[in-house]
Amino acid sequence: MKKPPKDVLSLPLNERALMALRSAVKQAIAQQHAQGLPVYIWRDGKVAELPPPKARAGARRAPKRAAAESRAPGKARGKVAGRRRTMA
């Protein structure tokens, strides 16, 4: 993320709002990860879970495509033992 200019008030309101929103999202993600909690985001028309960094480190090694192909056809992501996952 680029550093805001010294004279932030000279920027248009929409740019200042986007800067504030990005900063708030960055802080919220950092807080969740500091507590060891996942972050839920909207990706490709679905809700996706971003695990905390320690859990994600092992997942980075496996290619995403291989993980998707290993699932049985028709099995939905995010379901555990026939129950729906809920966000806390």
³J(HN,Hα) computed for each position of segment 34-47 - Karplus, 6.51 cos²θ - 1.76 cosθ + 1.60, integer Hz, glycine/proline x: 5, 8, x, 9, x, 10, 9, 10, 9, 9, 6, x, 9, 7
Per the rule of 0.36 nm per residue minus the C-alpha distance, extending W42 to D7 adds in nm 9.3 nm
For A48, distant residues with modelled amide H under 5 Å away: I41, W42, R43
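Only the coordinates and a few stated rules stand behind these numbers; no lab work does. Quantities reported herein were computed from a predicted structural model and do not represent experimental measurements.
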